[in-house]
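All remarks here apply to the structure that follows.
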Amino acid sequence: AKTAGRRTHYFFNDELREQTERQNAIHKRMREGLKRHEFYLVYQPIIDFSTGKISKCEALLRWQDEDGNMISPAEFIPVAERTGLIHELGQFVLEQACVDWAVVHKSGYPIEVSINRSERELNDMESAKRWLSCISQHGIPNTSITFEITESLLMSNKQRQLQILHYLRSQGVQLAIDDFGTGYSSINYLQRYPVDYIKIDRSFLSQAPQNKVQVALLDALLQVARALDINVIAEGVETRQQWELLQRQRCDFAQGYFISEPLPLNELLKFLKDWQF
Ligand code: C2E
Ligand code: CA
Ligand code: CA
Ligand code: CA
């Protein structure tokens, strides 16, 4: 038994070492990729049902490596979070989004931009202050910025992070709870923390409107949000049926391939021109 135990131990170490090496390799490629400008942003329009206009866009990070391969954020963001590179990546995202949004505003579209923030980026007040000065340096009002954070952060009750979120919001930045409904939530937590939007994860809509349970859950969620004065953004709207269901249920905002996939800035500007007027 002793030998077997030891073997398992070695085996486990090998696997762990391999995993670490793989992560280190991605980390190194990301660090170099940042210098080589392999990262860029695309923007996915979010529609306000009450006006039929695009009122904001979500900034989504893209990485095309030196061999031309697209690497999904679902793959590299978790590595960046683990290695700490998320701070540099997050800084790039905020700066680029501000540069691009100055162009959007100058082009005559008074819309907002929503930016994903990882929990690890909310570790210190200095970073938060740096973000605010970056936003103002580019002439963007704080109220044009929404930060999206996942619901697990609210539930973790991490005082420092929550304090930073309160501070950002006191300065006019809006907050959205991302992927709402995917954790062990959560409705209770909504009362305790100041949030402006919840983004309902697309798994909530995946079988609607055929699946009556999904429709009932969606309806319940919308009612609670309304009572708490929180706006609801439905994610992953892919079909006309989903769109019409959300409209019937008086959901506030929608985002998804049915409206538009995420677009590079120049294509977004064309899209806005055709859509808004
Ligand atoms: P997320 O924040 O939930 O972003 C929504 C994801 O759904 C995006 O995937 C988007 O392209 C995709 N999507 C949009 N509409 C539809 C639709 O109608 N159907 C389907 N099936 N998918 C749709 P993406 O761009 O691959 O991003 C994956 C995740 O990576 C994001 O999920 C977010 O958690 C993370 N991420 C992306 N950019 C950033 C960033 O700048 N910072 C941080 N911290 N995380 C990011
Ligand atoms: Ca998001
Ligand atoms: Ca989401
Ligand atoms: Ca999601």
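The values are calculated or read from the model by the stated rules, or taken from the named source; none is laboratory data. Every value quoted in this text rests on a predicted model; they were computed, and no experiment measured them. Note that each Cβ is placed from the backbone with ideal geometry, even for glycine, and that neighbours are counted across all protein chains shown. Protein only, heavy atoms only, side chains kept; ligands, DNA and RNA dropped before computing areas. Shrake-Rupley method; radii C 1.70, N 1.55, O 1.52, S 1.80 Å.
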* Looking at (1) surrounded by fewer than 13 Cβ atoms within 10 Å (Cβ to Cβ); (2) touching an Asp or Glu at 6+ places or on another chain (Cβ under 6 Å); (3) polar (S, T, N, Q), find the lone condition where T150 falls short. => (1)
* Asked: For the range 50-57, does any single residue satisfy the condition of being open to solvent by less than 50 Å² (accessible area, probe 1.4 Å) and assigned to a helix (DSSP H, G or I)?
  -> no
* Test: residue in the range 131-143 that is within 18 Å of C57 (Cβ to Cβ) and part of a strand (DSSP E or B) -> no
* Could you tell me which residue of the range 226-277 is farthest from ligand 4 (Cβ to nearest atom), considering only residues that are touching a Lys or Arg at 6+ places or on another chain (Cβ under 9 Å) and not in a loop (DSSP other than H, G, I, E, B)? => Q276
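With respect to E112, determine if the residue is under 18 Å from L272 (Cβ atoms) and open to solvent by 40 Å² or more (accessible area, probe 1.4 Å). Walk me through it before giving the result.
Working: under 18 Å from L272 (Cβ atoms): yes; open to solvent by 40 Å² or more (accessible area, probe 1.4 Å): yes.
It is true that E112 is under 18 Å from L272 (Cβ atoms) and open to solvent by 40 Å² or more (accessible area, probe 1.4 Å).
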* Structure fact -> (1) touching a residue at least 12 places away in the same chain (Cβ under 8 Å); (2) in contact with a Lys or Arg (Cβ under 8 Å, 6 or more places away or on another chain); (3) surrounded by fewer than 22 Cβ atoms within 10 Å (Cβ to Cβ) all hold for I47 apart from (3)
* Asked: Of the conditions (1) out of contact with any Asp or Glu (no Cβ under 7 Å at 6 or more places or on another chain); (2) at pLDDT 95 or above; (3) over 15 Å from G181 (Cα atoms), Q255 fails just one. Which one is it?
  -> (1)
* Asked: Within the range 193-217, restricting attention to residues that are in a helix (DSSP H, G or I) and more than 16 Å from ligand 1 (Cβ to nearest atom), which residue is surrounded by the most Cβ atoms within 10 Å (Cβ to Cβ)?
  -> V215
* Could you tell me which numbered condition V99 fails, if it satisfies all but one of (1) surrounded by fewer than 16 Cβ atoms within 10 Å (Cβ to Cβ); (2) over 28 Å from D196 (Cβ atoms)? => (2)
* Asked: If only one of G183, G172 is of a type outside the set (V, I, T), more than 15 Å from ligand 1 (Cβ to nearest atom) and either modelled with pLDDT of 90 or more or in a loop (DSSP other than H, G, I, E, B) (or both), which one is it?
  -> G172
* Working carefully through the options Q161, Q223, find the one that is part of a helix (DSSP H, G or I), buried (at least 16 other Cβ atoms within 10 Å of the Cβ) and polar (S, T, N, Q). => Q161
* Structure fact -> Counting only residues in the range 198-235 that are touching a residue at least 24 places away in the same chain (Cβ under 8 Å) and acidic (D, E), the one farthest from N116 (Cα to Cα) is identified as D219
